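**Q** This is the structure I have questions about; it appears just below.
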Amino acid sequence: MTMEALRRHFTALGFADVETFIASGNVLFDAGASDRATLERKIEAHLHRALGYEVATFVRTAPEVVAVAGYQPFPAARIRAAAALNIGFLAEPLGAAGTRTLMGLSTDIDDFAVHGREVYWLCASRQSKSTFTNVRFEKLVGVRATFRGANTVARLAAILDRPPAPRRTKR
């Protein structure tokens with residue numbers, strides 16, 4: 001799906017200030033006052049009706065995205081030395097059993113940290129050498145997730161953390 005088509009779907013749902021961010025399925029929007037779970041269900045139901053297939057949706061507020069981007073799950077030197085740091089967004093916190101299962105996937109290449117509703121995956125080598133995948137994670141842990149590169153999340157946070165532009169008034 002094009003990002004323009006995705007933007008139109010969110011506009012059709014009545015959200016304001018809708019914009020997509022790179023070709024990754026990230027959508028920035030103003031929903032007014034609604035709780036996260038209700039928004040996720042509303043978006044998922046609309047996209048399922050419109051597209052004919054399920055689309056897992058993970059909603060975060062602007063302050064939550066900024067906090068996720070700023071969280072340091074590993075020492076800075078390890079992050080700099082790694083090939084990639086990815087952040088997995090979950091619908092709900094992982095819980096103790098899920099965390100144990102995830103940590104059991106750690107290898108010489110892959111290390112993990114859990115914080116709130118996010119999983120941080122540090123990949124020391126090229127990701128193609130890793131045995132970790134989103135599908136494997138979802139199957140073993142039993143939760144839906146979507147992963148984004150830490151640089152993508154940092155870029156989103158930078159957009160969301162700046163003050164809104166002043167609105168022009170007609171004179």
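The values are calculated or read from the model by the stated rules, or taken from the named source; none is laboratory data. Just so we're clear, the structure is a prediction, and the values are computed from it rather than from any experiment. Backbone-built Cβ (ideal geometry, glycine too); neighbour counts: all protein chains shown.
**Q** Taking the condition basic (Lys, Arg), modelled with pLDDT under 95 and on the phi < 0 side of the Ramachandran plot, does ARG78 pass? Steps first, please.
**A** Working: basic (Lys, Arg): yes; modelled with pLDDT under 95: no; on the phi < 0 side of the Ramachandran plot: yes.
Criteria not met by ARG78.
Yes/no matrix, rows are residues, columns are (1) surrounded by 15 or more Cβ atoms within 10 Å (Cβ to Cβ); (2) in contact with a Cys (Cβ under 8 Å, 6 or more places away or on another chain):
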| site | (1), (2) |
| --- | --- |
| VAL68 | yes, no |
| ALA81 | no, no |
| ILE87 | yes, no |
| LEU94 | yes, no |
| THR99 | yes, no |
| GLY104 | no, no |
| PHE132 | yes, yes |
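**Q** Still on this structure, I have one more. If a residue has to be in contact (Cβ under 8 Å) with a residue 40 or more places away in the chain and either within 24 Å of GLU92 (Cβ to Cβ) or part of a loop (DSSP other than H, G, I, E, B) (or both) to count, how many in segment 122-140 make the cut?
**A** Here is the first cut: in segment 122-140, the ones in contact (Cβ under 8 Å) with a residue 40 or more places away in the chain are 122-127, 134, 137.
Narrowing further to those that are either within 24 Å of GLU92 (Cβ to Cβ) or part of a loop (DSSP other than H, G, I, E, B) (or both): 122, 124-126, 134, 137.
Residues that pass the stated criteria total 6.
**Q** Another question, then. Got a sec? Which of VAL119, VAL66 is closer than 22 Å to ILE22 by Cα, outside any helix (DSSP H, G or I) and in contact with a helix residue (DSSP H, G or I) (Cβ under 7 Å, 6 or more places away or on another chain)?
**A** Details: VAL66 fails: outside any helix (DSSP H, G or I).
That would be VAL119, the only listed residue that is closer than 22 Å to ILE22 by Cα, outside any helix (DSSP H, G or I) and in contact with a helix residue (DSSP H, G or I) (Cβ under 7 Å, 6 or more places away or on another chain).
**Q** With the requirement that a residue be out of contact with any strand residue (DSSP E or B) (no Cβ under 6 Å at 6 or more places or on another chain) and of a type outside the set (Gly, Ala, Ser), what does segment 56-75 give you?
**A** Taking segment 56-75 first, the residues out of contact with any strand residue (DSSP E or B) (no Cβ under 6 Å at 6 or more places or on another chain) are 56-57, 59-67, 69-70, 72, 75.
Within segment 56-75, THR57, VAL59, ARG60, THR61, PRO63, GLU64, VAL65, VAL66, GLN72, PRO75 meet the criteria.
**Q** Determine which single condition THR11 fails, assuming it passes every other condition in (1) assigned to a helix (DSSP H, G or I); (2) out of contact with any strand residue (DSSP E or B) (no Cβ under 6 Å at 6 or more places or on another chain).
**A** Condition (2) is where THR11 drops out.
**Q** Taking the criterion of being touching a strand residue (DSSP E or B) at 6+ places or on another chain (Cβ under 7 Å) and not small (Gly, Ala, Ser), would at least one residue in segment 40-55 satisfy it? Write out each step before concluding.
**A** Of segment 40-55, the ones touching a strand residue (DSSP E or B) at 6+ places or on another chain (Cβ under 7 Å) are none.
No - not one qualifying residue is present in segment 40-55.
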